[in-house]
1. Pick from the stretch 82-110 the residues that are touching a strand residue (DSSP E or B) at 6+ places or on another chain (Cβ under 9 Å) and hydroxyl-bearing (Ser, Thr, Tyr): which of them is surrounded by the most Cβ atoms within 10 Å (Cβ to Cβ)?
2. State the number of residues belonging to the stretch 117-173 that are under 25 Å from GLY234 (Cα atoms) and of a type in the set (Asp, Glu).
3. May I ask you to list the residues in the stretch 55-96 that are touching a Ser or Thr at 6+ places or on another chain (Cβ under 7 Å) and among the polar types (S, T, N, Q)?
4. Which is out of contact with any strand residue (DSSP E or B) (no Cβ under 7 Å at 6 or more places or on another chain), farther than 30 Å from SER137 by Cα and not aliphatic (A, V, I, L, M), of PRO40, PRO4?
5. Looking at the stretch 15-29, can you tell me whether even one residue there is within 11 Å of ligand 2 (Cβ to nearest atom) and on the phi > 0 side of the Ramachandran plot?
6. Being aliphatic (A, V, I, L, M), touching a Lys or Arg at 6+ places or on another chain (Cβ under 9 Å), within 16 Å of ligand 2 (Cβ to nearest atom) and on the phi < 0 side of the Ramachandran plot narrows it down to one of LEU78, LEU41, LEU46, so name that one.
Amino acid sequence: MTAPSFGPVHRAGDCHLARRRRCEHGVRQGCGRTHLDADPLVGQPLCADCYDYPGHVLWNAMAPALWKAFRDNLYHHLAARAGVGRSEVRTLVRVSAAKVAEYQKRGAVHFHAIVRLDGPDGPTTPPPTWATGDRLSEAVRSAAAAVALPCPESAAYSGGPLGFGGQLDVHPLVYGGGERIPDDAVAAYVAKYTSKSVEAAGAVDRRIESLAEIQALQVSPHVRALIATAWRLGGLPELRHLRLRTWAHMLGYRGHCLTKTRAYSTTYGQLRTARAEHARGLYTDWDDAAVAERAWRFVGTGHTPAEALIAAGVAEDLATNREVARAERMEEGP
Ligand SMILES: [Zn+2]
Ligand SMILES: [Zn+2]
């Protein structure tokens, strides 16, 4: 499950799909080149002025709540598909899930999740016969599409409801014979998919203490803008509950990278081991804890201090624009 678009970014492969279109700043919406996956340009905005930095940071900050909304929806959507009541469904089936949060190259969190239906008492009881893999797949799609949480209210920014983007892959995890896949195999599956983007994210692995520190970070202008936006939004009293300054280095996301429902019998230990084993082939100097908890580490690209300052001012500019607009409205009267 991914975030929606916050603005056009360079894409891996052909980056010229919308090349003829230009934004209001005169920037083409594709660069015309073909990017390899490893190209540091992939995920960088085509126009930083157009990019919705506050929306991006707030989405990351709300990602745990979006996931929770998805899980609640999932019960409701299963109930609707099975023709049982919303309260009844929780007495018939239990949704068990393990998920891993990772960062796409653009710095938005996305989730890899394993979702399983158990009987009402968890994995020791079989799910009802109507709780089929197909029904679960359908319910996952519609439950994710239905997530819409209000954007946190702020004088500096007003965005529409927050939900998941259209990019959602659902695959059934069953052996040919239909028997249940062992938990360590599930852990290995998660590890395989999550370590794909291990080096693709873009942030730093320690807390940020000051705005000045942000300007000195060895990160891309895009990541710097995200961190600075989180820092600035974090200074707004109405957004204090999101603790954006504490989590600025995580680009606003304050959830855990690995979470699971209690009934999910794959343990953190199994996931950690599987991920560590998978990553070890690539990153020999990483210890297991670092792989599991901070699997996304960014090695920066070049930039100029001026770019950083422009990027860092994005949220402030938005706040100023809104204040000006509000003052104008006040002058005009009702
Ligand atoms: Zn490009
Ligand atoms: Zn633009």
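Please treat every number below as a calculation from the coordinates, not as lab data. Given the structure is predicted, the values throughout are model-derived calculations rather than measurements. Neighbour counts are summed over all protein chains in view; Cβ atoms, including those assigned to glycine, are modelled from backbone coordinates with ideal geometry.
1. Start the filter on the stretch 82-110 by keeping residues that are touching a strand residue (DSSP E or B) at 6+ places or on another chain (Cβ under 9 Å), which leaves 92-106, 109-110.
Now narrow it down to the ones that are hydroxyl-bearing (Ser, Thr, Tyr): 96, 103.
On the way: SER96: 19, TYR103: 25.
Looking at residues that are touching a strand residue (DSSP E or B) at 6+ places or on another chain (Cβ under 9 Å) and hydroxyl-bearing (Ser, Thr, Tyr), I get TYR103.
2. Kept after step one, since they are under 25 Å from GLY234 (Cα atoms), are these residues of the stretch 117-173: 147-165.
Add one more test, that the residue is of a type in the set (Asp, Glu), and what stays is 153.
The qualifying residues number 1.
3. SER96
4. Working: PRO4 fails: farther than 30 Å from SER137 by Cα.
The conditions single out PRO40.
5. Looking for residues that are within 11 Å of ligand 2 (Cβ to nearest atom) and on the phi > 0 side of the Ramachandran plot, one finds at least one in the stretch 15-29, hence yes.
6. Numbers: LEU78 fails: within 16 Å of ligand 2 (Cβ to nearest atom); LEU41 fails: within 16 Å of ligand 2 (Cβ to nearest atom).
Matching residue, one of LEU78, LEU41, LEU46: LEU46.
Conditions (1) outside any helix (DSSP H, G or I); (2) crowded, with 20+ Cβ neighbours inside 10 Å; (3) under 17 Å from the mean Cα position of the chain (by Cα); (4) not basic (Lys, Arg), marked per residue:
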site	(1), (2), (3), (4)
HIS112	yes, no, yes, yes
ARG116	yes, yes, no, no
THR124	yes, no, no, yes
LEU136	no, yes, no, yes
ALA144	no, yes, yes, yes
CYS151	yes, no, yes, yes
ALA155	yes, no, no, yes
PRO172	yes, no, no, yes
